[in-house]
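What follows is a short report on a single structure.
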Amino acid sequence: MEFVSEINTKYLKQVKKARLEIKNDRKNFWNKNSVNFKNSIKTLTGFFKFPEGWNVNIIASNFLLDKPSMPYDLEVWSFSDVVSATKGQGYEIVIFFNKTDLGYLSAPALLPIVVHEVKHVFQVPKDTKKYVLQAVDDDLIKEFETDADVEVKKYSDEFRKQNVLEKVMFCYDAEGWKGAKKMVEYLHEEAKDAFGGGYDENMIAEEYEVFKKAEDEKDIEIFIDHFINSFKEVEEKK
């Protein structure tokens, strides 16, 4: 998996603009991201040259659920898996990006998820049988998920921050403080142990405390401004 520098350069330019849009015009921001969702996935996955001999099928859609769902719900996960891996059946992998969970995100916010799932694709050819066995082995799944998160850390942390900011603010706009708090609790406390575990903490302690302050003061601008100022600090260090 390559192109780290190229991807950082291209998408960091979009982070500053996205944070200002979140502060000033979120309705248009969510709509624009939803319209561009499939193209964003296609562009991001297009940076990677998948393992030779394997056909990677990419789906960006929704599960058919019998109830409304939000990004903090456990029913809206994405995945990468082996469809078949023999000469007779072919060598097929599927990546599914769940629109219910991700469809409102900008390309920079989608980047950590895309990198994580693409890393799974590269894990498959190294030991296909072991990869398939993770579905019934909690220790194996932690090993594969930890390895995928290591790959994500090669990219700027601003993309993780953007993912956190957009997820929390989307839930805030949809359900107020109640929805935002549910998203925060998931990102900060639950996500690292979900689906078998092995994941990094999505939301760090500093961001959690900033949200709590914003909640206590009933001023979501405190949370947004933290991320805007964070990016300014990155720019000043250049």
Among the residues of the range 152-171, what is the count of those that are touching a residue at least 24 places away in the same chain (Cβ under 8 Å), under 13 Å from the mean Cα position of the chain (by Cα) and assigned to a helix (DSSP H, G or I)?
12
Among the residues of the range 72-104, count how many are buried (at least 21 other Cβ atoms within 10 Å of the Cβ), out of contact with any strand residue (DSSP E or B) (no Cβ under 9 Å at 6 or more places or on another chain) and more than 24 Å from Asp147 (Cα to Cα).
1
Working carefully through the options Glu21, Glu6, find the one that is assigned to a helix (DSSP H, G or I), among the acidic types (Asp, Glu), within 19 Å of Arg160 (Cβ to Cβ) and modelled with pLDDT of 95 or more.
Glu21
Within the bounds of the range 75-85, is there any residue that is without any contact (Cβ under 8 Å) to a residue 24 or more places away in the chain and of a type in the set (S, T, N, Q)?
yes
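Kindly indicate whether Ile58 is closer than 25 Å to Tyr186 by Cα, in contact with a helix residue (DSSP H, G or I) (Cβ under 9 Å, 6 or more places away or on another chain) and β-branched (Val, Ile, Thr). Full working, then the answer.
Details: closer than 25 Å to Tyr186 by Cα: no; in contact with a helix residue (DSSP H, G or I) (Cβ under 9 Å, 6 or more places away or on another chain): yes; β-branched (Val, Ile, Thr): yes.
No; evaluated as a whole, the condition is false for this residue.
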Has the range 204-221 got any residue that is modelled with pLDDT of 95 or more, at positive phi and either part of a helix (DSSP H, G or I) or loosely packed, with under 15 Cβ neighbours inside 10 Å (or both)?
yes
For the range 185-203, which positions are surrounded by fewer than 16 Cβ atoms within 10 Å (Cβ to Cβ) and modelled with pLDDT of 85 or more?
Glu185, Glu189
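The values are calculated or read from the model by the stated rules, or taken from the named source; none is laboratory data. What you see is a predicted model, and the numbers here were worked out from it, not measured in a lab. For neighbour counting, all protein chains shown are included, and Cβ atoms are generated from backbone atoms with ideal geometry for every residue, glycine included.
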